[in-house]
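Down below is the structure, laid out as structure tokens.
Throughout, read-outs are computed from the coordinates displayed, never taken from laboratory work. Just so it is clear, the structure is predicted and the values come from calculations on it, not from any experiment. Note that we place each Cβ from the backbone using ideal geometry, even for glycine, and neighbour counts take in every protein chain shown.
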Amino acid sequence: MENDTNQTQTRIISDTVCSGLVLLDKSHKDDDNHVVHLPITLFPSPIPRRLYSHCQQIQQSISKLMLGIARDIPFISSSLSEVLKVDEFTKSMFDVMMTVEREGLAQPVISCINRADYLLNKTEAGPLGVRQVEVNAIASGMSTHCCRTEHVHRLLMQKYDIKLPAAGCYEVPQNNSKTIKIDGLMELYDCYKKHNCYILMVTEERNFNFSEHAAIEFELLERRPDIKLVRKDFVDLHLCMSLGPNKELLIDDSKEIAVVYYRIGYDPSHYTSELQWQTRLKIERSRAIKCPSINFHLSGVKKFQQVLNDSEKLEKFLTPLEATAVAETFCKFWSLDADTDEGKRGYQVAIRDHKRLVLKPQREGGGNNIYGSDIPLYLERQVKPEDRSQYILMEYIDAPKELNWHIFPTDKLKSDQSILLNDSALVSELGIYGCIIANETTTLCNRSGGYLMRSKKPGVHEGGVAAGHAAVSSLITYDDEVVDSSTLFI
Ligand code: ADP
Ligand code: MG
């Protein structure tokens, strides 16, 4: 029996690798000839259909909200005023935005391909709810991997004859996240209204998630052979990039860039010197369409989750109906601005009620948050009270655990024990993709759909797959009026 299970496990791993779900193997430093399979879960993850549908339904409102913020520079300035005094990274982004604003935009079209992330939420007595974790403006990857994982799960269920129960209207939804991204890139290219140009994918020399970038490039080539894509390392981009007489963005002197698609640039570590800020500014100054443009990038910072924390405030950018539906997914937030009464009250809450809280800086992409009992000491260690202003405080989401298994590349097959025989409980995070394109007055495209499901062990705070914290899963939706959620979750 154990032997059979081990063989099954080996086959699942090889099926995963064969389907293109691979990352560079970090244990082989500077050697790109080694890959490992992407961590995936053994089974799809359950979610009540009404919650999945709700997250899908509000995604266009979330993109609309980001657009509203991105266009409203006075609102960005006032909301971030305290953050900008102490957070150098956010200040550098803000300065790039203000410089091009003063000079006048060379390109009226602005855009963002985003992903809103959610955790399921246990409530005291009522049914499961869903809570927004964050919205990513650049760190919105994994769109091809999650489609492939859904495909692998479908095939595995077919291969091993695993049937969904008839009662409960279980469904494995199709995942079109890759299409949202590729359609968006194609539409952006067409908005540039010139032939024989390129899409520039800004990435890094050795990206562990290279297969995702390659999959986007190949899919694009297949659907639109007229669009060429170049991938360039952000750090060295300044060496080959220039502006033409009409602010055309040129690579290697002759390739005119229609669209700049950022897969990097969301973390201070990506800016190894002032040169990368100059690169960012040059791109913003150019006629190329940026995805995201710097104001859209800023609209994703976490401070806006705190500033726009209820439906009334959201009505600045959304209709009352849209605002109510979006606000239904919100957690409680507190400001930590050092100079305001609200921020001082937030600080008291952080010290007193830290157990059920998360402290977050204005970043995306993982590895930045402080949790629970670490919060008071962390805040007390800040050199000046003003330093607190760069953070927001968020209620901790109590997510339910599903019975499921990780298949990590580091899992060793042992003769006496297989990972498949161990009980396992995982917490899953749902992401929904959106793509919005607009000029000064009109929204040219607002599309949403697809999903990313990532599953991690309970108690693991971070949710990144490439960073080794989580595995990619897929979805099974069910009707929670028919199926009792407590039979699927712990
Ligand atoms: P980042 O921008 O660094 O990805 P996130 O806000 O997404 O920051 O947080 C990282 C991870 O921490 C998430 O993927 C989620 O697993 C966990 N997390 C974030 N906020 C909360 C919260 N309020 N409650 C519970 N877990 C959270
Ligand atoms: Mg995140």
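Of the listed pairs LYS355/LYS456; LYS193/LYS302; LYS85/LYS290, which have alpha-carbon separations greater than 23 Å here? Result: LYS193/LYS302; LYS85/LYS290 exceed 23 Å. For the chain, the square roots of the Cα gyration tensor eigenvalues, ordered a ≥ b ≥ c, give a/c of at least 1.5 with a/b no greater than b/c, which places it in the oblate category. For ASN114, the residues whose amide H sits under 5 Å from its own are GLY434, CYS435, ILE436, ignoring neighbours fewer than 5 places away on the same chain, with H placed 1.01 Å from N. Taking the helices alone, the chain has a mean residue ellipticity at 222 nm of -10500 deg cm²/dmol, built from -39,500 (n - 2.57) per DSSP H run of at least 4 residues and averaged over all its residues. Estimated from the Cβ-Cβ distance and a Förster radius of 45 angstrom, the FRET efficiency linking ALA125 and ASP95 is about 0.35.
Working from Cα pairs under 8 Å separated by at least six residues, relative contact order for region 341-490 is 18 percent. Residues whose amide H comes within less than 5 Å of that of GLU248, counting only those at least five positions distant or on another chain, are ARG287 (H built at 1.01 Å from N in the peptide plane). Here the dipole of region 344-387 is about 180 debye; that uses its Cα centre as origin and unit charges on the Cβ of Lys and Arg (positive) and Asp and Glu (negative). Here the 3J(HN,Hα) profile of region 460-473, calculated from phi with Karplus coefficients 6.51, -1.76 and 1.60 at θ = phi - 60°, is 7, 7, 7, x, x, 7, 4, 7, x, 8, 9, 10, 7, 10 Hz, Gly and Pro shown as x. For region 85-197, the spread of Cα coordinates along the three principal axes comes to 62, 47, 20 Å, biggest extent given first. For the pair LEU275 and THR319, the difference between a 0.36 nm per residue extended length and the Cα-Cα distance amounts to 11.7 nm. Could you tell me which of rounded, prolate or oblate describes region 339-490, using a ≥ b ≥ c as the square roots of the eigenvalues of the alpha-carbon gyration tensor, with rounded for a/c under 1.5 and, failing that, prolate when a/b is larger than b/c and oblate otherwise? Oblate, since a/c reaches 1.5 and b/c is not below a/b.
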